[in-house]
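K.L.:
Please read through the structure below; I'll follow up with questions.
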Amino acid sequence: MKVGIIGAGAAGLAAAYDLVKKGHHPTVYEAGPKLGGQASTFDVGGGRLERGYHHLFKSDIYMVDLIHELGLGDKLAWIESKVGFFHGGKIYNFVTPMDLLRFKPLSLVNRIRLGLVTLYLQRTKNWKKFEKVTARDWIVKWAGRKNYDVVWGPLLRGKFGSSAEEVSMAWFWGKIYLRVASRDKGMQKEKLGYPMGSFGEVFEVLADRIREKGGEIHLSTPVTRVVVEDGRATGLEVKGSSGPPEIHNFDVIISTTPSYIFPRLVPELPDDYVDLLGQVKYHAAILIVMVLKQPLSHIYWMNISGYDTPFLAIIEHTNFVDRSHYGGKHIVYLSNYLSKESPMYSMKKEELLAEYIPHLKKINPAFDQSWIEEYYYHREEAAQPIVTTNYSEKIPDYRTPIQSLYLANTTQIYPEDRGTNYSVRLGRKVARLVLGDYGHRVQGELPRPAIPLTPER
Ligand SMILES: Cc1cc2nc3c(=O)[nH]c(=O)nc-3n(C[C@H](O)[C@H](O)[C@H](O)COP(=O)(O)OP(=O)(O)OC[C@H]3O[C@@H](n4cnc5c(N)ncnc54)[C@H](O)[C@@H]3O)c2cc1C
């Protein structure tokens with residue numbers, strides 16, 4: 001079977017890998033110059049780094065399993081996380097239950113209430129009951145207004161920016177429930193995973209395996225149209241680096257593009273399906289990555305509470321992965337999620353940095369602009385689907401109304417938060433669905449990998 005795949009991110013590559021392993025011929029077209037989509041990397045300080053900060057949780061079993069299958073298991077490091085909260089001009093550690101008990105911005109009663117509600121969410125398996133209510137309303141009702149304003153509201157804002165108050169409680173449940181799995185049994189500390197060498201290396205090895213088995217991957221080759229004949233997708237129109245667009249024929253097509261791009265490639269899609277695709281909006285992410293002479297703080301992931309700071313989180317990567325991998329430099333991401341209409345989205349990188357810099361002194365009063373040796377700017381348009389209430393009704397099927405055309409994108413990940421792990425699961429699921437639909441033998445559901453034993457570092 002010849003399968004055309006649009007997008008060389010985690011989903012597209014995982015689908016191609018499973019198809020090529022079964023003896024089929026996938027051809028992946030990627031508009032960008034790199035593998036890995038949102039998890040792609042750039043070079044800094046002699047090392048490779050994700051354009052947007054990336055790590056894994058212990059619950060990310062599909063990604064961890066893939067890393068092991070590719071022979072990269074010994075490069076997967078599990079490192080104690082250093083999560084913090086910036087509130088009222090002070091940095092608070094925020095990893096263990098003891099940290100919560102010491103969190104002075106909340107009264108003792110509120111701290112205990114927050115702890116009990118967290119415990120309840122961690123032990124609740126039935127997330128469906130959270131579908132109809134926003135996280136804000138649920139949290140205010142059960143954990144109280146103060147706990148929302150000081151702790152969980154800022155966490156939601158850090159992920160959904162100005163749309164935080166629309167987010168479904170089912171999404172928030174997923175975040176709390178799955179996070180527990182990142183704690184070793186009996187241990188209070190959380191460990192986060194990182195493939196030493198970067199996520200980019202994982203996708204490169206994956207691409208090598210696909211090519212070795214006969215698959216093709218074409219970078220800097222955007223798909224401009226899905227060819228549809230008599231209600232069936234039969235090919236892809238692609239734009240090479242030179243010459244006119246070319247048409248390639250396929251038996252099956254899988255698109256991993258964001259939902260708003262998909263109808264542009266397939267004008268034949270029926271209106272009701274296009275309306276469904278339009279129901280899920282995305283937030284974009286903008287990132288400033290600073291290469292510093294000095295550390296900004298001791299925290300890896302710092303959420304910012306309060307509304308007077310123009311970025312939502314600070315991720316100091318070298319408080320997670322040792323700076324020796326980046327020529328001894330300190331690497332800090334300043335992260336923002338926002339709508340594309342927000343004025344900040346269109347700011348030039350110099351303007352954005354100028355807007356951010358005065359606020360860095362709040363985090364570390366000694367900070368000086370001269371610490372910045374260089375900085376980079378990255379923008380991701382479809383960074384975060386906004387998971388609103390009754391979201392399950394808004395998820396498009398993998399099978400589209402056009403025969404032999406499949407969709408596999410981050411809007412279909414639910415109730416978990418989108419991430420490389422779930423895109424790998426998605427790609428593998430859709431490959432399986434395609435194989436089943438075309439009469440190739442597959443048995444039952446996608447198997448759930450066991451959490452592999454990972455070396456500790
Ligand atoms: C700032 C940020 C931080 C993140 N942090 C983490 C983290 O810590 N851990 C984690 O696991 N995940 C994280 N994620 C999420 C993770 O990166 C994504 O969920 C995942 O990589 C999505 O993979 P995908 O293949 O589904 O989509 P994408 O990566 O978006 O891939 C889709 C691909 O399709 C291509 N494409 C689009 N249109 C066309 C076209 N017409 N022709 C050809 N190609 C096309 C795009 O260029 C893209 O490469 C983060 C994301 C962001 C933005």
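K.L.:
Could you check TRP138 against (1) touching a Pro at 6+ places or on another chain (Cβ under 9 Å); (2) surrounded by 13 or more Cβ atoms within 10 Å (Cβ to Cβ); (3) in a helix (DSSP H, G or I) and say which number it fails?
P.N.:
Tallying (1) touching a Pro at 6+ places or on another chain (Cβ under 9 Å); (2) surrounded by 13 or more Cβ atoms within 10 Å (Cβ to Cβ); (3) in a helix (DSSP H, G or I), TRP138 fails exactly one: (1).
K.L.:
Where in segment 156-259 are the strands (runs of 3 or more DSSP E), entirely inside, with at least 1 residues that are buried (at least 21 other Cβ atoms within 10 Å of the Cβ) and more than 14 Å from the ligand (Cβ to nearest atom)? Explain how you work it out, then say what you get.
P.N.:
On the way: elements: 191-195, 216-218, 223-229, 232-238, 246-249, 252-255.
Output list reads 232-238, 252-255.
K.L.:
Of the conditions (1) aromatic (Phe, Trp, Tyr); (2) surrounded by 20 or more Cβ atoms within 10 Å (Cβ to Cβ); (3) free of Cβ contacts under 8 Å to residues at least 60 places away in the same chain, TYR120 clears all except one; give me its number.
P.N.:
(2)
K.L.:
Please determine, by comparing only the residues of segment 411-435 that are near the ligand (Cβ under 10 Å from one of its atoms) and assigned to a loop (DSSP other than H, G, I, E, B), which one is surrounded by the most Cβ atoms within 10 Å (Cβ to Cβ).
P.N.:
Filtering segment 411-435 for residues that are near the ligand (Cβ under 10 Å from one of its atoms) and assigned to a loop (DSSP other than H, G, I, E, B), the one surrounded by the most Cβ atoms within 10 Å (Cβ to Cβ) comes out as GLY419.
K.L.:
Okay, moving on. Out of (1) within 16 Å of the ligand (Cβ to nearest atom); (2) under 26 Å from LEU338 (Cβ atoms), the odd one out for TYR398 is which?
P.N.:
(2)
K.L.:
Take segment 141-154 and flag every residue that is part of a helix (DSSP H, G or I) and either surrounded by fewer than 19 Cβ atoms within 10 Å (Cβ to Cβ) or in contact with a Lys or Arg (Cβ under 8 Å, 6 or more places away or on another chain) (or both).
P.N.:
Of everything in segment 141-154, those that are part of a helix (DSSP H, G or I) and either surrounded by fewer than 19 Cβ atoms within 10 Å (Cβ to Cβ) or in contact with a Lys or Arg (Cβ under 8 Å, 6 or more places away or on another chain) (or both) turn out to be LYS141, TRP142, ARG145, LYS146, ASN147, TYR148, ASP149, GLY153.
K.L.:
Please verify whether segment 35-57 includes one or more residues that are in contact (Cβ under 8 Å) with a residue 24 or more places away in the chain and farther than 30 Å from SER220 by Cα.
P.N.:
Scanning segment 35-57, I find at least one residue that is in contact (Cβ under 8 Å) with a residue 24 or more places away in the chain and farther than 30 Å from SER220 by Cα, so the answer is yes.
K.L.:
Among the residues of segment 265-276, which ones are in contact with a strand residue (DSSP E or B) (Cβ under 9 Å, 6 or more places away or on another chain) and either surrounded by fewer than 15 Cβ atoms within 10 Å (Cβ to Cβ) or in a loop (DSSP other than H, G, I, E, B) (or both)? Lay out the reasoning, then the answer.
P.N.:
Of segment 265-276, the ones in contact with a strand residue (DSSP E or B) (Cβ under 9 Å, 6 or more places away or on another chain) are 265-269.
The answer is VAL266, PRO267, GLU268, LEU269.
K.L.:
Out of everything in segment 45-61 that is of a type outside the set (A, V, I, L, M, F, W, C) and near the ligand (Cβ under 7 Å from one of its atoms), what residue ends up being farthest from HIS325 (Cα to Cα)?
P.N.:
Across segment 45-61, the extreme among qualifying residues is ASP60.
K.L.:
Something else now. Quick check on my filter: what residues within segment 4-44 are farther than 17 Å from SER423 by Cβ and more than 11 Å from the ligand (Cβ to nearest atom)?
P.N.:
Residues satisfying the conditions are VAL20, LYS21, LYS22, GLY23, HIS24, HIS25, THR27, PHE42, ASP43, VAL44.
K.L.:
Check whether at least one residue in segment 297-304 is over 24 Å from ALA284 (Cβ atoms), open to solvent by less than 30 Å² (accessible area, probe 1.4 Å) and either away from the ligand (no atom under 16 Å from the Cβ) or not in a strand (DSSP E or B) (or both), and report yes or no.
P.N.:
yes
K.L.:
Let me ask something additional. Quick check on my filter: what residues within segment 21-38 are hydrophobic (A, V, I, L, M, F, W, C) and either open to solvent by less than 10 Å² (accessible area, probe 1.4 Å) or at pLDDT below 95 (or both)?
P.N.:
Across segment 21-38, the qualifying residue is only VAL28.
K.L.:
So, in segment 20-36, how many residues would count as being touching a strand residue (DSSP E or B) at 6+ places or on another chain (Cβ under 9 Å) and at positive phi?
P.N.:
Final tally of qualifying residues: 1.
The values are calculated or read from the model by the stated rules, or taken from the named source; none is laboratory data. Quantities reported herein were computed from a predicted structural model and do not represent experimental measurements. Positions of Cβ are generated from backbone atoms using ideal geometry, with glycine treated the same way; all protein chains shown enter the neighbour counts. To get the accessible areas, we keep the full protein, side chains included, count just its heavy atoms, and leave off ligands, DNA and RNA. Shrake-Rupley method; radii C 1.70, N 1.55, O 1.52, S 1.80 Å.
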